[in-house]
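The values are calculated or read from the model by the stated rules, or taken from the named source; none is laboratory data. Note that this is a predicted model, so its numbers are computed, not measured. Note that each Cβ is placed from the backbone with ideal geometry, even for glycine, and that neighbours are counted across all protein chains shown.
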Amino acid sequence: MSQAIHRRALLLMAASVPIGACAQKPSAPPPGPGMTASVTYLNLLAKVPFFKALSREQLQWVIDHSREWATAPGAVIASSARGGDSFWVLLDGGWQIEHAGKTYKAGHADPAKWYGGRDMKALGVGDTRVVGTAKSYVIEIQQAELDQMIQRGFAFGPHLQSGLAFYSSLRKS
C-alpha cells in the first residue's frame, strides 16, 4: 500500500469517530503506581450510574473537565494521604474502601462508587484508601470542576447523598 493510500485510510477511519465523542488530554503523570491514562468515551460514560442522568452536553463537559485512569488490581487509587482532595468515580471494574482494618468492596452502582473531595474530607472519617480489586477504570475530577458541575445543575445529588451516608457510617465504626 502506498504511503498516500495508507494516510487516506487513516484519515477515513479517524473521520468515522464523532467529534467530541472522547477527549484525550495531554499526558500527565499517573497519580500512583498501577495506574495509566485512559480515554473517556461519551457513550460509555452515559451508561455509568453516577452519570446516567446527564445530557450529552453535560457528559461532554465531564469528559472535558476530568481525567480517566485505568487501574491494575491492587493499585492504590487514592487515599486520605494522596489524591483524596480529588473526587474519584468508579466507571467500571471494582474497588474497595479500606478503613480501620476493614474493607468495603464496591462496584459502580454501590454507595461507595465515589471517593474523596471536600465533602468526604469534612466528615472526618480518618485514614482511608481506595484500592482496585480488578482491572478498573476510574475518573478523577478536581474539586473546583466538581463544584462547577454542581453549580451547572448536573444531577449528582442522590449519588452524593448515598455516598456521604456510607462514609458517615465509617466514622462510627
Item to check | Hits in the range 127-164 (condition: touching a Phe, Trp or Tyr at 6+ places or on another chain (Cβ under 9 Å) and assigned to a helix (DSSP H, G or I)) | outcome: Q143, E145, L146, Q148, M149, I150, H159, L160, G163
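Conditions (1) assigned to a loop (DSSP other than H, G, I, E, B); (2) without any contact (Cβ under 8 Å) to a residue 60 or more places away in the chain; (3) within 16 Å of S169 (Cα to Cα), marked per residue:
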residue	(1), (2), (3)
V62	no, no, no
Q96	no, yes, yes
T103	no, yes, yes
V125	yes, yes, yes
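Quick grid of which residues meet (1) closer than 19 Å to A46 by Cα; (2) crowded, with 20+ Cβ neighbours inside 10 Å:
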| site | (1), (2) |
| --- | --- |
| F87 | yes, yes |
| H99 | no, no |
| H108 | yes, yes |
| V138 | yes, yes |
| L146 | yes, yes |
| R152 | yes, no |
Checklist entry - Does any residue of the range 87-107 turn out to be under 23 Å from G153 (Cα atoms) and more than 12 Å from the chain's Cα centre (by Cα)? => result no
Checklist entry - Exactly one of (1) of a type outside the set (S, T, Y); (2) in contact with a strand residue (DSSP E or B) (Cβ under 9 Å, 6 or more places away or on another chain); (3) closer than 23 Å to P30 by Cα is unmet by A144. Its number? => result (2)
Item to check | Which numbered condition P30 misses (of (1) modelled with pLDDT under 95; (2) loosely packed, with under 15 Cβ neighbours inside 10 Å) | outcome: (2)
